[in-house]
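The values are calculated or read from the model by the stated rules, or taken from the named source; none is laboratory data. This structure is a prediction, so every number in the text was calculated from the model and none was measured. Here the Cβ positions follow ideal geometry from the backbone for every residue, glycine too, while neighbour counts run over all protein chains shown. The accessibility values were calculated without ligands, DNA or RNA, using every heavy atom of the protein model including side chains. Shrake-Rupley method; radii C 1.70, N 1.55, O 1.52, S 1.80 Å.
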Amino acid sequence: MMRLRTMIVLAAVLGSPLLAGAAMSAAMDDPPGVNIDNFSFAPEALVIAPGTRVTWTNRDDIPHTVTDAAGKMAFRSAALDTGDAFSHVFDTPGTYHYFCSLHPKMQGTVVVR
């Protein structure tokens, strides 16, 4: 189920008009979550409605963070050990890029529309 939802969300991000509605529906059915594993965020891109809470869970065996890439730092987690989680509610439409401050090549995106 998670792989199918990830593919639907990525198709919506890439502009598939037929799947955009399905992605929004999937995001509304299950609370959206991002797994941190093997030095990556999965899914890498997430499309959600305003007011949605996103939770990142560290499944890796080393600490990671979730850090807003914008200078205003709208959200930032502490270092997350294995099994730790961090949540943020996205109220305002827009595109939010984030990264792991401990491993800056790890990047992800949340699109709020």
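Pull out all pairs, ordered by first then second residue, where Cβ-Cβ is under 6 Å, the residues are six or more apart or on different chains, the first lies in segment 29-51 and is more than 17 Å from residue 92 (Cα to Cα) and in the same structural domain as residue 67 (by TED's automatic domain parsing), and the second is part of a strand (DSSP E or B) and aliphatic (A, V, I, L, M). The qualifying pairs are 35/42; 41/34. If you go through segment 31-55 and keep only what is more than 10 Å from the chain's Cα centre (by Cα) and of a type in the set (Ser, Thr, Tyr), you end up with 40, 52. Of all residues in segment 66-79, those that are of a type in the set (A, V, I, L, M) have Cβ atoms under 6 Å from Cβ atoms of residues that are open to solvent by 40 Å² or more (accessible area, probe 1.4 Å), 6 or more apart or on another chain, in 69/97; 69/99; 79/63.
Check 83, 71 and return the single one that is out of contact with any helix residue (DSSP H, G or I) (no Cβ under 8 Å at 6 or more places or on another chain), at pLDDT 95 or above and not in a strand (DSSP E or B).
On the way: 71 fails: at pLDDT 95 or above.
Exactly one residue qualifies, and that residue is 83.
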